[in-house]
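> Got a structure here, written out as structure tokens. Questions coming.
Throughout, read-outs are computed from the coordinates displayed, never taken from laboratory work. Because the structure is a prediction, the values reported are computed rather than measured. Glycine also receives a Cβ, built like all others from the backbone with ideal geometry; neighbour counts cover every protein chain displayed.
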Amino acid sequence: MKKWSLNAVSVVLVFSLTVMPARAYDFSGVVGHVTSVTPMGMPNYAEFTTDTMPSNCNGALFYYPPPNVDEATQHDNTKAIMAVVLSAQLSGRQIAIYGIFPAGSNQYCTVQWLYTVNS
């Protein structure tokens with residue numbers, strides 16, 4: 001094999017090993033005030049709405065499904081999300097939300113992560 005083709009193969013190999021796929025969000029950085037919180041699903045999931053809902057959510061509630069870990073950790077994660085949502089609502093601060101649109105029979109937009117915004 002020629003030297004230039006070995007170099008080309010090396011470059012392709014390096015790029016293929018170092019390039020990581022980006023997370024794909026249907027909506028990202030949607031900023032709004034929390035308008036309602038529904039604690040009925042606690043500690044299994046948290047539901048809330050904001051004043052700026054992404055268009056494809058059809059006015060549905062956001063929820064945060066805990067990752068596939070043990071039940072105690074799922075509950076802790078849900079409590080942490082609910083704490084951020086409630087503190088944002090009570091303080092009047094906005095939150096930025098990243099997530100995916102409803103899929104299948106699910107009518108909720110699924111929140112992947114969120115954070116409070118200094119406003």
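> In the neighborhood of Met42, defined by Cβ-to-Cβ distances under 13 Å, what is the net charge if each Lys or Arg adds +1 and each Asp or Glu adds -1?
Here the charged neighbours net out to -1.
> May I ask for the distance between the Cα centers of region 102-116 and region 38-78, given as a whole number of Å?
The two parts, judged by their Cα centres, are 7 Å apart.
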